[in-house]
Amino acid sequence: MKLSVSSDAPGQKMFMLGNEAIARGAIEAGVQVAAAYPGTPSTEILETLSSVAKDFGIYTEWSVNEKLAFEVAFAASLCGVRAMASMKHVGVNVAHDPLMTASYIGARGGMVLVSADDPWAWSSQNEQDNRYIAEQGYLPVLEPSSVQEAKDMMADAFRLSEEFKQPFILRTVTRINHGRSDVLLGEISRDRRKGFFEKEPSRLVLTPAEARKDRPLMLERFDKIKKAVDSFPYNSLELADGARLGIIACGLSYSYTLEALKWLGLDGKVSVLKIGTPHPLPEELVKKLLGSVAVVLVVEELEPFVEHHVKAIAAESGIDVKFHGKDLIPLIGELSTEKVTRAIAKLTNTTPPVDFAEMERIRQETAPLLPLRPPTLCAGCPHRATQYAMKIAGKRVAKQLGKGEPVYTGDIGCYTLSYLPPIESMDLVLCMGAGFGTANGLAHVLDVPVIAQVGDSTFFHAGIPAMINAVYNKAKITMVVLDNSATAMTGFQPHPGTGRTASGDVAAQLKIEDIARACGVKFVEVIDPFDMEESIKIFEKAMRFDGPSVVVSRRPCAMLVQRDARKRGEELILYRVERERCDPKCSACFKLLGCPAIVRENGLTVIDSSLCTGCSLCAQVCHHKAIVEVAR
Amino acid sequence: MPSQGDSRGGKIVKELNILIVGVGGQGVILMSEVLGNAAVRDGIRVRGSEVLGMAVRGGSVSSTIRMGDDVYGPLIPAGKADILVAMEPSEALRNIGFMTKSGLVILNARAVVPFTVSLGMSNYPGLEKIVEKLKKSASRVVVLDAIKLAEEAGSVQSANIVMVGALFGTGLLPIKVSTIRETIRERFPAKAAQVNDVAFHLGFEAYSAL
Ligand SMILES: Cc1ncc(C[n+]2csc(CCOP(=O)(O)OP(=O)(O)O)c2C)c(N)n1
């Protein structure tokens, strides 16, 4: 029988993605409200929940941003239902404000925040260890060592949150979220509670006077958790007889450690403390390990969070052991079995079974032979057209005004990829919303045109306050919204501009140009980026406008267009190169646009019909008129 | 050994590490999905992960499938990949540092040349050069034209399943052929299921005929 996340099949095993397993854990716990904003590596959690929401009576939503996702879930918890919010690590920064005060109030219905950290920034603008955020808010953290444990912890976290009346955090890393494994399914709770808001202003209205009263209650709740974690099943100590070395391994690091020990033949010769609750740590277990060995290695992903706490425990209890951690396990890069193996080998004078130096030599030797394959805008991507036109206009306007090159601020999304040649349309990218935000700052200190870009999903997420700021504080900037009718980078999630909700229901469709006008922007135009001449003209007008201006560039994502055409059985009109008119030495089309569908074959320029989506941009830039529609 | 939260007691198999590589859009993730699903059906303990980055936009993709009782980490450590299945030749070369000396490489011959080559920012090595390099790090390198076989099966989209067929043609997998075929058939809607079933068969035969 084919199993799915909604299968009522306790005791059976299913092959699952980490994020599916986390969603399954929430389903097993009877979650009733789940809110999120997309962000790799967390996105599939809410996608999975939304796909079965109606069957289980779960309310799911793609919130406008992470602060909202957290607030929606937290409010539901206050009404006694089980609720969760999931987001990537930087999303927790956006939710930080409500999170830090929610911890003063505590939880009623089980409340779980999933923080998906992304070591090595596989798809992020930074790396961040959110266990520190948890510590700041007296919020307990569960950190799974495997996909199975991610499911189990998630299910358990709701119960624990209710027992200790505090929101819990499930901290994952990319290799858990995007890991896969066989998962033993548990029972699904069909218990559904009716939301009830019990008024209790002395705890829920956080004026200074009430906050001062809430703080000791929060400390008390945390203290209870601290006393309980030693007996949580997620923490366990395996003492090896007469072992000199003890390893403290947190979360997924525990799996790397087990594998490394087997690989080195040290299985059963080293004491191992598995940590599933890095905050607070199981102090008694830590002391037991420290007291039994001479040398300790702390293995954990990203920062030395556990390491520092363990050192503090040792100092407080006067235990004298030699500590290792980030001195042997690099602070840079993703953790791996290989890195843990090297560290253990060094401490135990063992020779690893693989000559890692030799493997590294092979890698370095082959590197120069490899073609560069960076991610790039798809063929037919409307962002390429927008940014190409925007840059031509920017150059012209700067020249006309006798000013230097414009500065282009950007934001996070697919469109960030054109910071690379040949378009090079971004000079500064910080975080979501900062495309408009940083432009506000530049405008007051630079005497060149300042052009700011954000995507449509990003606009709703964090762009609107920055737009209002530009109007209010008279920042003369051109704000470009790249509206491709999707949150494309993370996999086409709907947003307030798409007219659909997470569960696929029809919703109000907000128009970005209406919002811009309501914000008080006096120059607002909508362009079709595939009409290049017109787009350049409007960009020029916007950049010359005396005051903040807005250009909304609207064209659906090429991947969506292709998908829809396929569904409807329609064929797109594609383009080809007319051999006689093409000057093989010219190559302007791909040098200007960097479209992956335009390739060079034996010195000739060719359009790859398997990639072309018929955007016509190359036909518009070709001054030999050599690019024409494919006759049907 | 303490447990990792998972139950054991499945079928005990020798550790086998399979690394699948390619570029965004070639169906690499789907290959590991069907392999993992089939393994679990046969009661085999399995771990894996996908390394994507922003791969959808044409970047490199890799995915791991690891079977065996002593496997814990999701990724394959350097020097431990037993089989490298490459949908694209240069991507095989990019991952050669993971191979064990006694390993096997199964390679789809068709290159996907990145735009950086057209722009003159980098070069694409020829297939012969790639195979020569691969041979230094693996004991056997097998080259197939999966695209051609997929076209024969009825759709170029099924090239990834041709490669899964070839992988089973090696006879090295602990998963039953009937299980993987059933898993593949269930994975797709009726018409695509049939195309992919043929694709699997053609890949299997192509490897066996070598
Ligand atoms: C605070 C925060 N949340 C989520 C993300 C993940 N993220 C990166 S880009 C992006 C969406 C971009 O969508 P959009 O602005 O519409 O641009 P597109 O990708 O469609 O071009 C998201 C959600 C992030 N980087 N930071």
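Observations, loosely collected:
- Some residue of region A:465-486 being of a type in the set (A, V, I, L, M, F, W, C), more than 10 Å from the ligand (Cβ to nearest atom), open to solvent by 10 Å² or more (accessible area, probe 1.4 Å) and touching a residue at least 60 places away in the same chain (Cβ under 8 Å): yes
- Subset tally (residues that are within 18 Å of the chain's Cα centre (by Cα), more than 18 Å from B:Leu84 (Cβ to Cβ) and open to solvent by less than 30 Å² (accessible area, probe 1.4 Å)) for region B:150-174: 2
- Only one of the numbered conditions (1) open to solvent by 40 Å² or more (accessible area, probe 1.4 Å); (2) facing chain B (nearest Cβ under 10 Å) is not met by A:Lys395, and that is (2).
- Hey, A:Ala23 outside any loop (DSSP other than H, G, I, E, B) and more than 23 Å from B:Asn37 (Cβ to Cβ) or not: no
- Members of region A:16-31 that are closer than 14 Å to A:Ser4 by Cβ and among the small types (Gly, Ala, Ser): A:Ala21, A:Ala23
- Taking the numbered list (1) among the β-branched types (Val, Ile, Thr); (2) over 17 Å from the mean Cα position of the chain (by Cα); (3) more than 22 Å from A:Lys537 (Cβ to Cβ) in turn, A:Val480 passes all entries but (3).
- The numbered conditions (1) more than 14 Å from every other protein chain (Cβ to nearest Cβ); (2) open to solvent by less than 50 Å² (accessible area, probe 1.4 Å); (3) outside any helix (DSSP H, G or I) are all true for A:Glu303 except (2).
- Matching residues, region A:402-451, being at pLDDT 95 or above, more than 15 Å from the ligand (Cβ to nearest atom) and within 14 Å of another protein chain (Cβ to nearest Cβ): A:Glu424
- Restricting region B:61-118 to residues that are charged (D, E, K, R) and closer than 15 Å to B:Met163 by Cβ, the residue that is surrounded by the fewest Cβ atoms within 10 Å (Cβ to Cβ) is B:Arg110.
- When region A:70-94 is filtered for residues that are in contact with a Phe, Trp or Tyr (Cβ under 9 Å, 6 or more places away or on another chain) and either within 14 Å of chain B (Cβ to nearest Cβ) or within 10 Å of the ligand (Cβ to nearest atom) (or both), the ones remaining, listed by number, are A:Met87, A:Lys88, A:Gly91, A:Val92, A:Val94.
- Selection from region A:132-171 of residues that are over 27 Å from A:Cys79 (Cα atoms) and either among the β-branched types (Val, Ile, Thr) or away from every other protein chain (no Cβ under 14 Å) (or both): A:Tyr132, A:Val147
- Among the residues listed as B:Val142, B:Val131, the single one being open to solvent by less than 70 Å² (accessible area, probe 1.4 Å) and away from chain A (no Cβ under 13 Å): B:Val142
- For region A:15-60, the set of residues classified as of a type in the set (Gly, Ala, Ser), within 16 Å of the ligand (Cβ to nearest atom) and open to solvent by less than 10 Å² (accessible area, probe 1.4 Å) consists of A:Ala35, A:Ala36, A:Gly39, A:Ser42, listed by residue number.
- The one condition from (1) outside any helix (DSSP H, G or I); (2) under 20 Å from A:Tyr104 (Cβ atoms); (3) under 19 Å from the mean Cα position of the chain (by Cα) that A:Gly80 does not meet is (3).
- Cross-chain or 6+ apart pairs with Cβ under 6 Å, region A:14-31 first and within 18 Å of A:Arg180 (Cβ to Cβ), then open to solvent by 10 Å² or more (accessible area, probe 1.4 Å) and of a type in the set (Ser, Thr, Tyr): A:Glu20/A:Thr48; A:Ala23/A:Thr48
- Output for region B:89-109, where each listed residue is facing chain A (nearest Cβ under 9 Å) and under 20 Å from B:Leu210 (Cβ atoms): B:Met99
The values are calculated or read from the model by the stated rules, or taken from the named source; none is laboratory data. In this text, all values refer to a predicted model and were calculated from it rather than measured experimentally. Methodologically, a virtual Cβ is constructed for each residue, glycine included, from the backbone with ideal geometry; neighbour enumeration extends over all protein chains shown. Please note that ligands, DNA and RNA were not included when accessible areas were found on the heavy atoms of the full protein model with its side chains. Shrake-Rupley method; radii C 1.70, N 1.55, O 1.52, S 1.80 Å.
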